[in-house]
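**Student:** Once you've had a glance at the structure underneath, I'll fire off some questions.
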Amino acid sequence: MKVEPANKGVLYIVSTPIGNLEDITLRALRILKEVDIIAAEDTRWTRKLLSHYQIHVPLISCHEHNQVEKSEELLEKLRSGIKAALVTDAGTPGISDPGYYIIRVAIENGVRVVPVPGVSAVIAALSVSGLPADSFSFLGFLPRQSSRRKAVLQKLRYEKRTFVIYEAPKRLLATLRNILDEAGDRKMLLARELTKKFEELKWGMLSEVLDDLEGRDIRGEITLVFDGSREQEVLDEDTILNTIRWYQENTDLKLSGIVRKVAEDLGVSRTEVYRLGLKLRKADKLMADG
């Protein structure tokens with residue numbers, strides 16, 4: 001159900017530079033000057049940006065650990081009719097950061113939400129990847145838990161679309177090895193420190209990029225773009241059963257929900273998934289009774 005704005009308050013979702021401070025739109029600068037308050041993920045970084053452009057607007061801190069409390073505080077201000085801007089450390093709020101929570105609260109409470117688009121590391125990396133971008137998958141940061149990470153990467157072995165992930169320097173080599181082992185070798189782009197002084201773009205096969213990085217002291221923010229799979233997926237019962245089991249162990253979905261998700265993930269018929277789901281349930285019951 002659509003919620004119509006019920007007050008005069010406005011929340012602007014403002015994209016900010018991911019490195020080079022010149023990468024900000026004229027509209028974003030105007031909005032940041034005109035709003036009554038700016039909600040920032042990291043006020044220290046945002047102050048540098050505002051100081052650079054001589055913008056003097058009050059800041060409040062809104063990050064992962066205080067977003068529930070701060071969203072209520074911000075909502076009250078918006079209900080009173082103020083104009084506020086939401087910014088992240090760098091790039092577009094809500095894209096792989098906690099900003100989506102505040103945006104959702106605003107929408108659900110009838111606040112007018114206005115996008116002020118600009119830079120995104122995902123789009124910047126895709127644009128120079130040389131890989132198909134008419135359809136792509138963005139995964140953010142991969143799960144840290146090894147079993148969950150392995151399950152995600154196994155699905156990517158047959159993912160036909162280009163996919164993009166973020167990674168931290170300390171985990172980069174391990175992640176590349178994981179992808180090589182579970183999803184296979186493929187073309188890729190490593191984009192490090194995009195738009196910054198020490199920007200690095202490295203194209204090649206995953207195995208080649210991994211070899212080039214061995215022994216290096218890697219720093220900075222990293223975006224990885226991978227070509228889609230060219231392998232033809234051949235599914236057997238074990239693959240479907242293992243995927244059903246993963247959803248049983250990692251979600252609260254009932255069998256009908258699991259059937260729908262597995263059929264979508266693997267591109268197989270719901271009837272076949274349901275048959276194997278019942279088979280697995282029967283086997284589990286026999287083990288429990290035994």
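The values are calculated or read from the model by the stated rules, or taken from the named source; none is laboratory data. What you see is a predicted model, and the numbers here were worked out from it, not measured in a lab. Don't worry about glycine lacking a Cβ; one is built from the backbone with ideal geometry, like all the others, and counts go over all protein chains shown.
**Student:** Only one of V111, V105 is buried (at least 17 other Cβ atoms within 10 Å of the Cβ), more than 24 Å from I18 (Cβ to Cβ) and in contact with a Gly (Cβ under 6 Å, 6 or more places away or on another chain). Can you tell me which?
**Tutor:** V111
**Student:** Of the residues L276, L253, L241, which is outside the structural domain of S127 (by TED's automatic domain parsing), part of a loop (DSSP other than H, G, I, E, B) and more than 22 Å from the chain's Cα centre (by Cα)?
**Tutor:** So the residue among L276, L253, L241 that is outside the structural domain of S127 (by TED's automatic domain parsing), part of a loop (DSSP other than H, G, I, E, B) and more than 22 Å from the chain's Cα centre (by Cα) is L253.
**Student:** A further question follows. Quick check on the stretch 64-76. Is at least one of its residues among the polar types (S, T, N, Q) and more than 25 Å from V122 (Cα to Cα)?
**Tutor:** Yes: one or more hits.
**Student:** Among the residues of the stretch 208-219, write down those that are surrounded by 15 or more Cβ atoms within 10 Å (Cβ to Cβ) and either in contact with a Phe, Trp or Tyr (Cβ under 9 Å, 6 or more places away or on another chain) or among the polar types (S, T, N, Q) (or both).
**Tutor:** Passing the criteria: only V209.
**Student:** Starting from residues that are at pLDDT below 90 and of a type in the set (S, T, N, Q), keep the ones in the stretch 106-163 and report whichever is nearest to I31 (Cα to Cα).
**Tutor:** Filtering the stretch 106-163 for residues that are at pLDDT below 90 and of a type in the set (S, T, N, Q), the one nearest to I31 (Cα to Cα) comes out as Q145.
**Student:** Condition (residue is surrounded by 12 or more Cβ atoms within 10 Å (Cβ to Cβ), among the aliphatic types (A, V, I, L, M), within 20 Å of V152 (Cβ to Cβ) and out of contact with any Asp or Glu (no Cβ under 8 Å at 6 or more places or on another chain)) applied to the stretch 244-255: is it met by at least one residue?
**Tutor:** yes
**Student:** Find the strands (runs of 3 or more DSSP E) located wholly in the stretch 103-214 whose residues include 2 or more that are within 30 Å of A39 (Cα to Cα) and not β-branched (V, I, T), and list them.
**Tutor:** Those strands (runs of 3 or more DSSP E) span 112-116, 136-141, 162-167, 187-192.
**Student:** Please work out if T271 is exposed (fewer than 12 other Cβ atoms within 10 Å of the Cβ), more than 25 Å from the chain's Cα centre (by Cα), of a type in the set (V, I, T) and outside the structural domain of Q154 (by TED's automatic domain parsing).
**Tutor:** yes
**Student:** Which one of these is surrounded by fewer than 17 Cβ atoms within 10 Å (Cβ to Cβ) and either in the same structural domain as E199 (by TED's automatic domain parsing) or modelled with pLDDT of 95 or more (or both): D36, D23?
**Tutor:** Testing whether each residue is surrounded by fewer than 17 Cβ atoms within 10 Å (Cβ to Cβ) and either in the same structural domain as E199 (by TED's automatic domain parsing) or modelled with pLDDT of 95 or more (or both) leaves just D36.
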